[in-house]
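Chemist: Mind having a look at this structure? Questions to follow.
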Amino acid sequence: MKKYKGIFLKNREEIGLMREANRIVAIILEEIREAIRPGLTTLDLERKAETLCKKFKVRPAFKGYHGYPFILCCSVNEQIVHGFPNTRPLEEGDILSVDMGVVYKGFFGDAARTFAVGEISEQAARLMDVTKNALYLGIDQARAGNNLYDISAAIQDYVEGKGFHVIKRFVGHGIGTRLHEKPEVPNFVPFNASKITLKAGMTLAIEPMVAIGTDEVEILADKWTAVTKDRSLAAHFEHTIAITSEEPMILSEV
């Protein structure tokens, strides 16, 4: 595997294995989407994900990673990311962010979606739309020859232009034979950011996290669950992509 500035460049075969890992993640997230309804618990979704990992003969990527105890990250309402599945029934009007990863033949897949539970408020729907749109605007900048921070600027400019807040504490990342590889992919342009030219063969997990009221974050007593400091709603969308000589390739689609 070639390297550029410490970033692994994948060949066609390696990207093919990553495509399959991420396709499986996308299928599992779609099955979870279809199951979500008021009254269901996120622990029910955890069990469903476990069954599906066994069906596809893949290893969950998150369980045991730095001690994380579950397959899924299930973050409800003001929870941004890393929420624990639990026995609290989902309620009409909740929004639920689900982050999921697997390992297939030594390569990682990673993706996240935010789902509506029944009928949700107009404000919650707008938050979800803005976050999802920001993801695709970022992906559109993931082209060979562009600067890494073109991705960041596209996300930040769009989100802030819509009156929402980019969460700065958590960022996207390179991905491949490890869940987190170089480079970090922030959803904002860091101060004094140095130029990193994007190259064909880079594989990135791009994942804007967006909140209604603030970008300030608190970590709960479980030492994992991140929430907005003002407890306003947050959403999270993520795709793993490959940079090619042409269009960006989204790997985490069915």
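The values are calculated or read from the model by the stated rules, or taken from the named source; none is laboratory data. Keep in mind that what you see is a predicted model, and the values were worked out from it rather than measured. So basically every Cβ, Gly included, is an ideal-geometry build from the backbone, and we count neighbours across all protein chains shown. Calculation scope for accessible area: heavy atoms of the full protein, side chains included, ligands and nucleic acids excluded. Shrake-Rupley method; radii C 1.70, N 1.55, O 1.52, S 1.80 Å.
Chemist: Spot the failing condition for SER75; the list is (1) in contact with a strand residue (DSSP E or B) (Cβ under 7 Å, 6 or more places away or on another chain); (2) part of a loop (DSSP other than H, G, I, E, B), and only one is missed.
Modeler: Unmet for SER75, out of (1) in contact with a strand residue (DSSP E or B) (Cβ under 7 Å, 6 or more places away or on another chain); (2) part of a loop (DSSP other than H, G, I, E, B): (2).
Chemist: For ALA49, work out the one condition from (1) part of a loop (DSSP other than H, G, I, E, B); (2) touching a helix residue (DSSP H, G or I) at 6+ places or on another chain (Cβ under 7 Å) it doesn't fulfil.
Modeler: Exception for ALA49: condition (1).
Chemist: Quick one: in the range 231-246, which of the residues that are in a loop (DSSP other than H, G, I, E, B) and in contact (Cβ under 8 Å) with a residue 60 or more places away in the chain is nearest to PRO186 (Cα to Cα)?
Modeler: Out of the qualifying residues, it is PHE237.
Chemist: Ok, one more. Go through the range 121-152 residue by residue and tally those that are touching a helix residue (DSSP H, G or I) at 6+ places or on another chain (Cβ under 9 Å) and either under 13 Å from PRO208 (Cα atoms) or open to solvent by less than 40 Å² (accessible area, probe 1.4 Å) (or both).
Modeler: So the count comes out to 12.
Chemist: Oh, and also: Name every residue in the range 186-219 that is under 20 Å from the mean Cα position of the chain (by Cα) and without any contact (Cβ under 8 Å) to a residue 40 or more places away in the chain, in order of residue number.
Modeler: Result: PRO186, PHE188, GLU216, GLU218, ILE219.
Chemist: Please count how many residues of the range 222-247 are within 16 Å of the chain's Cα centre (by Cα) and within 20 Å of TYR136 (Cβ to Cβ).
Modeler: The qualifying residues number 9.
Chemist: Taking the condition farther than 30 Å from SER121 by Cα and open to solvent by 30 Å² or more (accessible area, probe 1.4 Å), does LEU17 pass?
Modeler: yes
Chemist: For LEU96, all conditions in the list (1) under 30 Å from ASP230 (Cβ atoms); (2) outside any strand (DSSP E or B) hold save one; what is the number of the exception?
Modeler: It fails just one condition, (2).
Chemist: If a residue has to be outside any helix (DSSP H, G or I) and either under 30 Å from ASP230 (Cβ atoms) or open to solvent by 30 Å² or more (accessible area, probe 1.4 Å) (or both) to count, how many in the range 153-178 make the cut?
Modeler: 14
Chemist: Taking the range 107-134 on its own, how many of its residues are hydroxyl-bearing (Ser, Thr, Tyr) and either in contact with a strand residue (DSSP E or B) (Cβ under 7 Å, 6 or more places away or on another chain) or at pLDDT below 95 (or both)?
Modeler: Summing the residues that are hydroxyl-bearing (Ser, Thr, Tyr) and either in contact with a strand residue (DSSP E or B) (Cβ under 7 Å, 6 or more places away or on another chain) or at pLDDT below 95 (or both) in the range 107-134 gives 2.
Chemist: Tell me whether the range 82-94 contains one or more residues that are open to solvent by less than 10 Å² (accessible area, probe 1.4 Å) and under 23 Å from MET18 (Cα atoms).
Modeler: No, the conditions are met nowhere in the range 82-94.
Chemist: Let me ask you something else. Looking at (1) within 23 Å of PHE108 (Cβ to Cβ); (2) surrounded by fewer than 22 Cβ atoms within 10 Å (Cβ to Cβ); (3) free of Cβ contacts under 8 Å to residues at least 60 places away in the same chain, which one does GLY39 not meet, given that it meets all the others?
Modeler: (1)
Chemist: Hey, does the range 230-242 have a residue that's aromatic (Phe, Trp, Tyr), touching a strand residue (DSSP E or B) at 6+ places or on another chain (Cβ under 9 Å) and open to solvent by less than 40 Å² (accessible area, probe 1.4 Å)?
Modeler: yes
Chemist: Here is a follow-up. Would it be correct to say that THR214 is touching a Lys or Arg at 6+ places or on another chain (Cβ under 8 Å), open to solvent by less than 40 Å² (accessible area, probe 1.4 Å) and under 23 Å from LEU137 (Cβ atoms)?
Modeler: Taking the combined requirement at face value, the residue satisfies it.
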